[in-house]
Amino acid sequence: MTETVQVRGNELTGADASAIVAEWLGHFAAAVQSGSASDLAELFLDGATWRDFMALQWDFSHAIGRDQVVVRFLELSKAVNPRSFAINTELPPAAADGGIRAFVDFTTRDRIDRGYVYLVQGAEGFVCSILQTQVVALQDYPEKAGDLRVVGKAYGVVPNRTRWSADRRKEASFEDSDPAVLVLGAGHNGLTIAAYLGALDVPALIIDREPRVGDTWRKRYAALALHSTVHGDHLPYLRYPPTWPAHTPKDKFADWLESYATLMDLNVWTSTEFLNGHYDDDTQRWTIRVRRADGSIRELRPRHFFVAGGLFAGPKIPDVKGLSDYTGLAVHSDSFQGGDDYAGRKALVVGAGVSGHEIAHDLYEHGADVTLVQRSATYVVSYEAYHKLWNPLFAANPDFPVDFADQMTYALPPERSDEINKELVKLGAELDKDLLDRLQARGFKLDWGPDGTGIIGAHMAGKDSYHISIGAAELIADGNVHLKHGVEFSEIKGGKTVVFSDGSEMPDVELIIFATGYHQFWGHIKPALGAAAARIDKAYGRAADKEYANTWRRSAQPGLWFGTGFIRMARYYAKFSALLIKAIEVGIEPVDPEKADEELTGSELTRR
């Protein structure tokens, strides 16, 4: 621990913070170098945590409690020799919340890494409460960015010079080669991983069944906009311009994705349908069959198949008696564009998640007589409370550059993040008390997410029973949007009369929107992968180690990768996937660690 710096009063200056961190870091580096558990233990708080993103091993892991942190860090250090620890020069240490925040640079055997530490005052000096480490780059294989960017047009005399546009068409066609990575899905997850791979010079191809990049957003309901802040929702390497709207409409975001694919020189085959895939354990390659726009079948043999299709697949529509005889319009929210034509007409929205609320909101704004059917409880938080509590690092004029803010966001182990989420949910309920009380007075049933963890917990559980209100909840609370709770939509009779499970009826309903969710994406494509899918119990959610299950890390099936989540999550996590794939491609890491271990054991036995 640190003892030499004398803090004047109760305030730490920047110079104080830097001196304290430098002293702590010197002791830390010495303890790691010597392998002294007792020396390292002195530098940590009893309840300290450590989370590692592929800096000390090619996986995600974490430890809780000083003893676990010390044992785990020293154990993993043996193979990768962490060294060259230094305070990060881009963002100097600073006092914060009674402690000190600092970023440190270091290297491991083949990686360039960065750590985040949060030091607090202990009984005899400053000790570490939070430690986070992550790989930033591969030492011998830097990104083609900045001073290392591609040349473009080479100046001088180049005999038989080819044209850039022709070169791009050839590159994207993969006529005489296969991509190292085939990415399924040209949404923000797929584009993000492909952009990182491109910067690392790993040939990647994205396929998407839609005619244009961004069409999955264009086809959604017209009122949709991103609920997250503009300050944190850009994709890698390309920030939004300063004139970008605060709340991005879905069609504008769709156009941005399409532009991003073009500007980043990503190889995308649109109107291309994934048919099936087979993995060969001997060659460690896939055979993936796809159908192109012209109906032709193409076989691709990548080493890596990256499923980036999002959490959900096809829409769920309940089986309702008489629905086939309904004389109005009945559609899933996935296909509904807007309420412009329903002024003065009755509309029924079934489902009280994100889509249900926003479609009800849109219909009301266009003069419809709207009723929302809430079949089960919903977690509700206002847009203002959500961003105040969950997104303080991603605001206008932020204190930290985005990549540093991302690192801080994911600094804590999932178990500790869950506890913080529970507290934030309680704080949000206090901020939104008036709104929530009025909702309950209307009969609206509130939920607080799995075990009280709100939106994050719901998302992790694959549920969408939450709503970030931008006006819809207020409409329900004020009685402008009618509410039916705890009933099911059981029958349609007489062409336009809806009958509910409690026997009540609603006549003359001219529009029914089923905001009833989607089937899970992994379950949708799993049958098309045959035996290769057998090892995957789930994609996303929590694994036994509490980190993401098979997602953004090696999955249980070699060569099969999954990427999904919020835009900010994709920007952060996809870089680790890309760096690991690059490490595999250049021979730093094996495709299949278990197989490599077996072969190594076999060769040792042969030598004996």
Practice item. From (1) surrounded by fewer than 16 Cβ atoms within 10 Å (Cβ to Cβ); (2) touching a strand residue (DSSP E or B) at 6+ places or on another chain (Cβ under 6 Å), pick out the condition that doesn't hold for VAL307. Key: (1)
Study note, to complete from the structure: When region 319-336 is checked residue by residue, the ones that are over 29 Å from the mean Cα position of the chain (by Cα), of a type in the set (Ser, Thr, Tyr) and part of a loop (DSSP other than H, G, I, E, B) are TYR326, THR327
Revision key, fill the gap. Within region 466-481, residues under 32 Å from the mean Cα position of the chain (by Cα) and either of a type in the set (Asp, Glu) or not in a helix (DSSP H, G or I) (or both) come out as TYR466, HIS467, ILE468, SER469, ILE470, GLY471, GLU474
Review point. SER490 fails exactly one of the following numbered conditions: (1) of a type in the set (S, T, N, Q); (2) part of a helix (DSSP H, G or I); (3) in contact (Cβ under 8 Å) with a residue 60 or more places away in the chain. What is the number of that condition?
Key: (2)
Exercise for review: Please determine, by comparing only the residues of region 547-589 that are in contact with an Asp or Glu (Cβ under 6 Å, 6 or more places away or on another chain) and not in a helix (DSSP H, G or I), which one is nearest to ALA308 (Cα to Cα).
Suggested key: ARG553
**Study point:** Matching residues, region 45-99, being acidic (Asp, Glu) and crowded, with 20+ Cβ neighbours inside 10 Å
**Key:** ASP52
Point to revise | Odd one out for TYR196 among (1) touching a Lys or Arg at 6+ places or on another chain (Cβ under 6 Å); (2) hydroxyl-bearing (Ser, Thr, Tyr); (3) outside any helix (DSSP H, G or I) | key: (3)
Practice item. Among the residues of region 260-274, count how many are aromatic (Phe, Trp, Tyr) and either free of Cβ contacts under 8 Å to residues at least 24 places away in the same chain or part of a helix (DSSP H, G or I) (or both). Key: 1
Review point. In region 496-527, how many are among the small types (Gly, Ala, Ser) and either modelled with pLDDT under 90 or surrounded by 21 or more Cβ atoms within 10 Å (Cβ to Cβ) (or both)?
Key: 3
Check your understanding: If the Cβ limit is 8 Å and pairs must be 6+ apart or interchain, which residue in region 275-287 that is farther than 11 Å from VAL591 by Cα pairs with which residue that is in a loop (DSSP other than H, G, I, E, B) and acidic (Asp, Glu)?
Key -> none
Practice item. Please tell me if ILE288 is assigned by TED's automatic domain parsing to the domain that holds GLY541 and over 27 Å from the mean Cα position of the chain (by Cα). Key: no
Practice item. Consider ARG111 carefully, then state whether it is surrounded by 14 or more Cβ atoms within 10 Å (Cβ to Cβ), more than 30 Å from ASP16 (Cα to Cα) and in the same structural domain as GLY47 (by TED's automatic domain parsing). Key: yes
Check your understanding: Among the listed residues ALA186, ALA195, ALA145, ALA180, which satisfies the condition of being over 30 Å from LEU12 (Cα atoms), within 28 Å of the chain's Cα centre (by Cα) and surrounded by fewer than 17 Cβ atoms within 10 Å (Cβ to Cβ)?
Key -> ALA145
Practice item. Output the residue which, of all residues in region 376-398 that are out of contact with any helix residue (DSSP H, G or I) (no Cβ under 8 Å at 6 or more places or on another chain) and not hydroxyl-bearing (Ser, Thr, Tyr), is surrounded by the most Cβ atoms within 10 Å (Cβ to Cβ). Key: HIS387
Point to revise | Number of positions in region 432-446 that are crowded, with 17+ Cβ neighbours inside 10 Å and within 27 Å of the chain's Cα centre (by Cα) | key: 1
Study note, to complete from the structure: Per the filter on region 297-349, residues small (Gly, Ala, Ser) and more than 30 Å from ARG553 (Cα to Cα) are GLY322, SER324, GLY328, ALA330, SER333, SER335, GLY338, GLY339, ALA343, GLY344, ALA347
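This table checks each residue for (1) closer than 30 Å to LEU226 by Cβ; (2) outside any loop (DSSP other than H, G, I, E, B); (3) modelled with pLDDT under 95.
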| residue | (1), (2), (3) |
| --- | --- |
| ARG289 | no, yes, no |
| PHE306 | yes, yes, no |
| ILE317 | yes, no, yes |
| GLY339 | yes, no, yes |
Review point. Has region 457-466 got any residue that is surrounded by 19 or more Cβ atoms within 10 Å (Cβ to Cβ), at pLDDT 90 or above and not assigned by TED's automatic domain parsing to the domain that holds PHE566?
Key: yes
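Okay, residues lined up against (1) in contact with a strand residue (DSSP E or B) (Cβ under 7 Å, 6 or more places away or on another chain); (2) in contact (Cβ under 8 Å) with a residue 60 or more places away in the chain; (3) in a loop (DSSP other than H, G, I, E, B):
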position	(1), (2), (3)
ASP362	no, yes, no
VAL380	yes, yes, no
LEU389	no, no, no
ASP403	no, no, no
MET408	yes, yes, no
LEU412	yes, yes, yes
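The values are calculated or read from the model by the stated rules, or taken from the named source; none is laboratory data. The model shown is predicted, which means the values in this text are computed figures rather than measured ones. Please note: Cβ atoms are built from the backbone with ideal geometry, for glycine as well, and neighbour counts cover all protein chains shown.
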